[in-house]
Amino acid sequence: MRVSNAMMAENIQNYLYKQTKALLKTQESIASGKRINRLSDDPIGMGQALGYRRTISKLEQFNENITSARQHLDTVENILAAVTELLEDTKDIAADQDPSMRSMMADQVVTIRDQIFQLANSRNNGNYLFSGDLTDTQPFERDTATGVYSYEGDGGTKDHIIGEGLQVSITADGSQIFQGAGDVFDVLNDLEAALRADDGDGVTDQLPLLSEIVEGLNGVRAVNAGQSKRLEATQNYNKAFNVNVSDLLSQVEDTDIVEAAINLQLQETAYETTLATAAKIIQPTLMNFLS
C-alpha cells in the first residue's frame, strides 16, 4: 500500500502526541512527588494508597484519643495525689493527743475538707472529672443546713477508643473514689465534731477510717497508673505502625526521583529527535508537492 503524505504526517503527529503525553506525565510526577496523581495512572495502586491513607487516619485518631486519655489521667493523678497528701495531714491531726490544740485542729480539718471538696469538684476542659457521664453536673454538693455531702453524678466512666477493638475506661464515679472505701466527707465531719467536743476517743477512732480512705485512693491511683502505662505502650505501637504504613504508602505512590529524572531526559531526547526527523521528512515532501 502506498504511504501518502497525509498518512505520514498523521503518524508523526500521533507519535508526537504520545511522547508529549508521556513527557508531561513524567514532569507532573516529578513536580508533585507522586507517581499516582489520578486513578488512571494506576487503578490498583490508587486503591492500595487509599487503604493505607485510611489506616493512617485511624492511627492518628487513636493517638489523639490516647493523648486526651493520658492528659485526663495525669490531671486525675495530680488531684488524687493532692487529696492523699491532705488526708495524710489529717491523720497527723487525728494522732495528736494535745487537748489544748483541738479547737485549732478542728479549724484545720474544716480547711482540709473544703479543699478536698473543691478538688472533688474539679473540671478538665470545662467538664467535671468525677461526675460519671453527667459531665455538666457538679459531682458533690453540700447541704449548708446539715453539713451533709451528697453525690450528684452517676456511675459512668470516661471511655477512650485507642485501637481497633481497644478501649480504655477511666473511673469517673466520684462516689466510688471519695466515698467507696469510706466517705471522706463524713469522716472529716466526725473528726471536726470530735475535736470541737474535746472527745479524744472520737478523734482517735477516725484514724483507721482515714487510713482506709487513703488506701482506697491509692488503689484508684494504682489502677490509673497501669492504664497510663498501657496507653503509652499502645501509643508507641501506633506510632511505629504508622511509620510502617507510611513507608508502604510511599512505595506505592511516591515518585522515584532518580528514575523519573532519567526517564525525563530520555523522553526529552526522543521528543527532540522525533521533531528533527519529522522536519526532515515532511519538509522535502511539502517542497516537492509545491514544485
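The values are calculated or read from the model by the stated rules, or taken from the named source; none is laboratory data. What you are looking at is a predicted structure, and each value in this text was computed from that prediction instead of being measured. Here the Cβ positions follow ideal geometry from the backbone for every residue, glycine too, while neighbour counts run over all protein chains shown. Surface accessibility is based on the protein's heavy atoms, side chains included, excluding ligands, DNA and RNA. Shrake-Rupley method; radii C 1.70, N 1.55, O 1.52, S 1.80 Å.
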When Val168 is evaluated against the numbered criteria (1) within 23 Å of Glu141 (Cβ to Cβ); (2) crowded, with 19+ Cβ neighbours inside 10 Å; (3) of a type in the set (A, V, I, L, M), which criterion, by number, is the only one it fails? (1)
Collect the residues in the stretch 150-165 that are over 19 Å from Gly216 (Cα atoms) and in contact with a helix residue (DSSP H, G or I) (Cβ under 7 Å, 6 or more places away or on another chain), keeping them in residue-number order. Gly153, Lys158, His160, Ile161, Ile162, Gly163
Go through (1) open to solvent by less than 50 Å² (accessible area, probe 1.4 Å); (2) under 20 Å from Asp205 (Cα atoms) and name the single condition Val76 misses. (2)
Please find, among Asp74, Asp42, the residue that is closer than 30 Å to Phe130 by Cα, out of contact with any strand residue (DSSP E or B) (no Cβ under 7 Å at 6 or more places or on another chain), of a type in the set (Asp, Glu) and at pLDDT 75 or above. Asp74
List every residue pair whose Cβ atoms lie under 6 Å apart, where the two residues are 6 or more positions apart in sequence or sit on different chains, the first residue falls within the stretch 138-163 and is polar (S, T, N, Q), and the second residue, located anywhere, is at pLDDT 95 or above and assigned to a loop (DSSP other than H, G, I, E, B). Gln138/Asn121; Thr157/Ala172
Within the stretch 222-232, count every residue that is open to solvent by 60 Å² or more (accessible area, probe 1.4 Å) and either within 15 Å of the chain's Cα centre (by Cα) or among the charged types (D, E, K, R) (or both). 3
Number of the exception - Gln97 against (1) open to solvent by less than 70 Å² (accessible area, probe 1.4 Å); (2) within 22 Å of Pro208 (Cβ to Cβ): (1)
Checking the condition open to solvent by less than 40 Å² (accessible area, probe 1.4 Å), within 15 Å of Thr171 (Cα to Cα), in contact with an Asp or Glu (Cβ under 8 Å, 6 or more places away or on another chain) and at pLDDT 95 or above, which residue from Phe130, Phe140 passes? Phe130
